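Beneath this line is the structure, given in structure tokens, with notes to follow.
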Amino acid sequence: MRCALDAPDAPAYRVLADMYADHPDFRARYEGRATGFADYLVAAMRAFAESRLS
């Protein structure tokens with residue numbers, strides 16, 4: 001039996017990526033590491049969701 005907490009599905013992971021993109025605190029945290037990193041992270045999460053999650 002698979003636990004619901006094992007891994008997210010693609011839609012849930014895309015929602016998480018959108019939250020990172022839209023939430024000012026998350027955006028500030030990642031942009032503080034490197035300019036453009038927030039957008040890079042969101043794009044990478046969306047690509048991962050499409051290619052690896054069902």
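The values are calculated or read from the model by the stated rules, or taken from the named source; none is laboratory data. Please read all numbers here as calculations on a predicted model, not as lab measurements. Note: ideal-geometry Cβ built from the backbone for every residue, glycine included; neighbour counts use all protein chains shown. In case anyone asks, the SASA skips ligands and DNA or RNA and just uses the protein heavy atoms, side chains included. Shrake-Rupley method; radii C 1.70, N 1.55, O 1.52, S 1.80 Å.
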With the other protein chains left in place, how much accessible area per residue, in square angstrom, belongs to the chain at a 1.4 angstrom probe?
77 Å²
What's the extension gain from Phe48 to Asp25 if we count 0.36 nm per residue and subtract their Cα-Cα distance?
6.0 nm
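Heavy atoms only, probe 1.4 Å: what % of the accessible area of the chain goes to carbon and sulfur, would you let me know? Numbers along the way, then the final one.
Values: 2390 of 4160 Å².
Result for the chain: 57 percent of the exposed heavy-atom area is carbon or sulfur.
What does the charge add up to near Thr35, with Lys and Arg as +1, Asp and Glu as -1, over the other residues with Cβ less than 14 Å from its Cβ?
Working: positive: Arg27, Arg29, Arg33; negative: Glu31, Asp39.
Overall, the nearby charge balance is +1.
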Student exercise, the chain dipole from Lys, Arg, Asp, Glu Cβ charges, in Debye to nearest 20
140 debye
